[in-house]
Amino acid sequence: MCGDRRHYGQSIGASHVKAFWHTVGSQLRSFLMRSRIEAEMVAELRQHLEELTRRNIAEGMAPDDARFAAQRSFGGIAQIEERCRDAHGFVWLAQLLKDFTFAARSLSRAWGYTLTILFTLVLGISVTTLVYDISGWMIFHSLPYPHPEQLFFVGAKDKQGPELYYHPALFLEAYREQAADVAQFVAEASNPTNVVINGEPIATFASNVSAETFDMLGIKPSLGRGFMNGDDRDGSDGVVVISDRFWKEHFGGSPDVLGKKITIDQQVCLVIGVLAKNQELPFYFGGDILKPLVLKPDPKDLFAPGIFIMARLRPGVTTGQALAVLAKVKFAKLPMWAVTYFKDRRPILSDIRNAGRHDSFWVILAAGAFLCSIAWLNAINLMLIRLLKRRRELSIRFAVGGSRWQVLRVLLVECVVLSSAACIISITTVYWSLPIVMRALYGDDYSLEAGFWTWGELKFVVELSALTWALTAIAPTVRLLRSDVSSGLRDGGPTTGESRHASRFRTLLVVLQAAFAVVLLIGTGLMVRSFQRLQHVELGFNPVGKVKVRVQFPNGYELGPEAKLQLYEHIRMDLSKLPGVRAVSYAEDALLNDRNSYDANMLMADGTLKRVPGDFVDPEFQQAGGLVMKRGRWLSGKSGLLEVVINERLASIRFGNADPVGQSVIIDLSGKKPYTVVGVAGDVRSSVRSAMEAWFYAPAWQRPTLINTFILRLDGDPEKGFSALVRRTIYGSSTRLGVCSVQSIGEQIDVSMWAERLACTMLKGLAVVALLLTVIGLYSVVSFTVDSRMTEFGVRVAVGANDGDLIRMVMHRGLAATGIGILIGVTVAVGMTRFMRSLLFETEPFDPIVYLAVAMSLLLAAACASWLPARRAARVDVVKLLRAE
Amino acid sequence: MELLPGTLDMLVLRVLSGGPMHGWGIAQRIQILSKDILQVEEGSIYPALYRMEHKGWIKAEWGQSENNRRAKFYELTKDGQKQLASESKDWIRICAAIGAIMGKA
């Protein structure tokens, strides 16, 4: 206790701080002038020694004795020099530099090991970063708007229905008037009218957004300005803001785009702003062209337009409070049918990030995490092996007086060098490969410029590398701290005599690797199978050669039902003249409309009302859509005739086994009226994923206002340029009718499966990499084991074992470890894939074929990985071994 | 007798409070002042000197020694004086405490 420096040094706090900064400054200075300081120190000490010697001589000693006595009373000069160097405090820095150079040199000498471990780490880190970037982005990405946690989409949901975000126009005003205390509301309405630049209709449409949207989201255009409050007044709304991509594509990216004219539905609009390059817009509010939203709600036509509503909650308002207020909002002027329609719906607030997200991304992320773990396990194994190989060298270090800390420092520095190298290489790899991967996954939407790079990814790579360093450093550290130092020197050979504990730990790592790989592969296998089934689902009609053209009149455009039908007939004639067109039909978004149909109440045999979805179609629909008639005939389309065609499922529900043709059924379409069933059609799915449902088809003339789709049947799939042809044709018939989209059914199906396709592609890539890493890992471990047991093999050969025996011995180890790993992996997979059930299409999470295939492939990989080293064992040269002893 | 650990710094500061001195002079001084009771390995004051210079308690300058050789002279700084004052106070307190216990025993 007495003599405890700390006790003496108890001064006031301030002087401690001052001393600290003085120390830091002194350290830096010392480091920079270290050679001079070193020289001075040596000189000073030498001088003292000489002075002592001189004194001793003066006292009468002989020169040699004097010197010897002086040295003795001075103390060990080498140690004192070392302590002086320590006192300067820059030693650690110089030492670190030395450690780094040493580590780099020793790694470059063991280049096989270095390359393997770098390859493993780089593969692990870059693939994980890519995965994080592509799918994690969707989940973790934070929105670039101020206070994004206050932003929500307003939706509605009734007890059994889906969540709906599409509202009648008059809802916005009602919310703004009655719920202003809790939130600020803006709306978006697609403006599916023709966009014409220099007389040519463009394949895009405008998105009408409330003027306050720009302020609410804090969006600043890169050129010009956004919308301001006055812009959404009728008459001053002739302004547009365009996206960066649109600007580059149609205006060549030239800075004089401001003031240029775009005609949107016969209104000449000026470009007043261009959005920033990667400007992100909320899901429903996106588009190439933004125009101010001018709402003129029409109680007779509620969804003219239909709008999406985004709300920003006022500070301090919780979602619960907001929902309570929203639930009490009253909508005036609703027609009777709407009151019933909206009666049971409750408002919901949905985080704006949820739209467009897909659950399969979680699977991809999990797979990415597994892959990273496999890479890390690999790396740790390799480090442990290398540590064993260097036992001799490290033991010598101990013997010449190095402390455990010094040896550990060498190993840790080596880990740092490896992790940093892996980090830098990974950054480069990701930088160059990211656009290629994005292009492969998302198609031509992505340019190949390697510019898709934000700080987030860089940060991720660095964090992963730091984690890599930590993980790879732990195992050797633990090993070292527990090891018996001298045993390394006592052993005969360089690598024999390791404890069983260590060898078991390495085997454990191999087992874990195999388990991780198994889970990843099983997840991939399930998703792949599910996707295959999805692609081959029976739709009920042939999707080849069918094109859907969605059209819509601009909001507020008055065209009487008669005139509308006449126009559609006219367009139908024009379209039928196009090359390759066999049939043209118009309907209300029929054919693979993802359940966006009109639900009508139908009177069942037992007197109850059942909601049945149905489409309003014209007589050509059966030809154009390729529907199969099972009984009777199709609609005649004669005006006034209340005909209906029902599908097989509806027929059996409503009429049982009786023949429905000629029967009457009461449907509540615009009042309960009796319809005559003229035919029964085959079942058709409304989307790839949904089940076959009861369905009816009613004549289009009943609701001309709702007709918005042309179905074209072509001889084959449409060629390039067909969509522009369709647009021009329709534009020729009516300049007011906007073409929203021209899409083949095949394309629509592909698009609807984009998430699954993306997931499958990514998972397949991950599976291949995981398998590769596992093989590398197993090969390294088995190879090392073989090397360390060479003597043993030699002895076995000498006592009569043959090649086959040795090979079997070696492979047995590898396969056994893999086998255990497979068992563990399968168990974990059974537990985890339960959560995937909602993602899988007609595939059970416990699909025996997938599990078996995965197990087989992993065993095969393990066999290959162990076979090469096994062959090396078999070719052991006994004579050479004995000579080496 | 061996020096108690940690007291070397204090002794060096005390010696320097009498004026700037070079390394081996300090070592001599300590030996003389303690009447040879304290045996210090002379070289061991150098790590202490460098450490204290590092902390800012003393500063060093090259100069000429009495026998016309170049030597590094150490001098107490203001911080060093404060440090010496506080260490001496603590030392006296501790010695009093120990003395009290030993006396009573």
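Each reported figure results from applying straightforward, stated rules to the coordinates on display, with no laboratory input. All values derive from a computational prediction rather than experimental measurement. Here Cβ is always computed from backbone atoms with ideal geometry, including for glycine, and neighbour counts include all displayed protein chains.
Computed from label points 7 Å out along Cα-Cβ, the spacing between A:I197 and A:V537 is 3.7 nm. The Cα-based radius of gyration of segment A:522-614, divided by its Kirkwood radius, gives an Rg/Rh of 1.11. Here segment B:5-105 is treated as an ellipsoid with the same Cα gyration tensor; its semi-axes, largest first and in whole Å, are 28, 16, 10. Within the listed set B:I37, B:I92, B:I58, the residue fluctuating most in the Gaussian network model of chain B (springs between alpha-carbon atoms under 10 angstrom) is B:I92. With r defined as the distance between the Cβ atoms of A:L772 and A:W111 and R0 fixed at 22 Å, what FRET efficiency is calculated, to the nearest 0.05? Working from the Cβ atoms, E equals 0.65. Return the aspartates and glutamates within reach of B:K35: Cα separation strictly under 20 angstrom, same-chain partners fewer than 8 residues apart disregarded; answer none if there are no such residues. Cross-link targets: A:E59, B:E2, B:D9. Between A:A43, A:P335, A:N194, the Cα set farthest toward the positive side of the dipole of the protein assembly as shown (charges on each charged residue's Cβ, about the Cα centre) is that of A:A43.
Quick one: compute the contact order of chain B, relative version, from alpha carbon pairs under 8 angstrom and 6+ residues apart, as a percent. Walk me through the numbers before you get to the answer.
Values: 106 pairs, mean separation 30.6, N = 105.
With pairs under 8 Å counted, the relative contact order is 29 percent.
So if I place +1 on the C-beta of Lys and Arg and -1 on the C-beta of Asp and Glu, and nothing else carries charge, what would the dipole magnitude of segment A:786-885 be about its Cα centre? I want it in debye, nearest 20.
Values: 11 positive and 9 negative charges, 63 e Å.
Charge dipole of segment A:786-885: 300 debye, to the nearest 20.
The loop-placed GluC sites (Glu not before Pro) in segment A:578-659, going by DSSP, include none that has at most 16 neighbouring Cβ atoms within 10 Å of its Cβ. Counted residue by residue at 0.36 nm each, then reduced by the alpha carbon distance between them, the extension gain from A:L578 to A:A104 reaches 163.6 nm.
Show me the GluC sites (Glu not before Pro) within segment A:35-112 that DSSP assigns to loop and that have at most 11 other Cβ atoms within 10 Å of their Cβ. Could the numbers behind the result be given before it?
Details: sites: A:E38, A:E40, A:E44, A:E50, A:E51, A:E59, A:E81, A:E82; in loops: A:E59.
Answer in residue order: A:E59.
Its Kirkwood hydrodynamic radius, worked out from the mean inverse distance over all distinct Cα pairs, puts segment A:758-885 at 16.8 Å.
Return the whole-Å distance between the Cα centroid of segment A:343-375 and the Cα centroid of segment A:53-105. If you average the Cα positions of each part, the centres end up 65 Å apart. Label zone (A:A440, point 7 Å along Cα-to-C-beta; backbone nitrogen cut-off 13 Å) within segment A:360-391: none. For segment A:44-134, the Kirkwood estimate of hydrodynamic radius, built from reciprocal distances between every pair of different alpha carbons, is 18.1 Å.
Dividing the alpha-carbon radius of gyration of segment A:725-814 by 2.2 N^0.38 Å (N being the number of residues), what value is obtained?
Values: Rg = 31.1 Å, N = 90, 2.2 N^0.38 = 12.2 Å.
Relative to the rule-of-thumb radius for its length, segment A:725-814 sits at 2.56.
Take the Cβ atoms of A:K610 and A:L164, set R0 to 22 Å, and the FRET efficiency comes out at 0.60. Annotation: the antiparallel percentage among DSSP beta bridges lying fully within the protein assembly as shown is about 85. To make sure I understand the rule: partners must be aspartates and glutamates, Cα under 13 Å from the Cα of A:K330, and not fewer than 8 residues away in the same chain. Which ones qualify? Cross-link targets: A:E173, A:E177. A Cβ-based charge dipole, computed about the Cα centre of chain B with Lys and Arg at +1 and Asp and Glu at -1, lands at about 260 debye. In the protein assembly as shown, helices alone account for a calculated mean residue ellipticity at 222 nm of -17500 deg cm²/dmol, with every DSSP H run of four or more residues adding -39,500 (n - 2.57). Stretching the chain fully between A:A332 and A:R55 yields a gain of 88.5 nm (0.36 nm per residue, less the alpha carbon separation).
Between the residues A:V274, A:S210, A:W92, the greatest Cα displacement towards the positive end of the dipole of the protein assembly as shown, with unit charges on the Cβ of Lys, Arg, Asp and Glu, is found for A:W92.
Taking the Cα centre of chain A as origin and charging only Cβ (+1 Lys, Arg; -1 Asp, Glu), how large is the dipole, in debye to the nearest 20? Please list the in-between numbers first.
On the way: 97 positive and 83 negative charges, 458 e Å.
The dipole of chain A has a size of about 2200 debye.
Pairs over the 24 Å Cα-Cα cut-off, from the set A:K18/B:K89; A:K248/A:K291; A:K220/A:K248; A:K18/A:K459; A:K159/A:K630; A:K546/A:K630: A:K18/A:K459; A:K159/A:K630. When both segment A:266-280 and segment A:769-816 are represented by their alpha-carbon centers, they are found 67 Å apart. Restricting the GluC sites (Glu not before Pro) of segment A:163-254 to loop positions (DSSP other than H, G, I, E, B) with no more than 10 neighbouring Cβ atoms within 10 Å leaves nothing. Reported to the nearest whole Å, the Cα centre-to-centre distance from segment A:561-601 to segment A:649-679 is 24. Taking only the alpha-carbon positions of chain A and ignoring solvent, what does the Debye formula give for the base-10 log of I(q)/I(0) at q = 0.04, 0.05, 0.11 Å⁻¹? Reported log10 I(q)/I(0), two decimals: -0.32, -0.47, -1.33.
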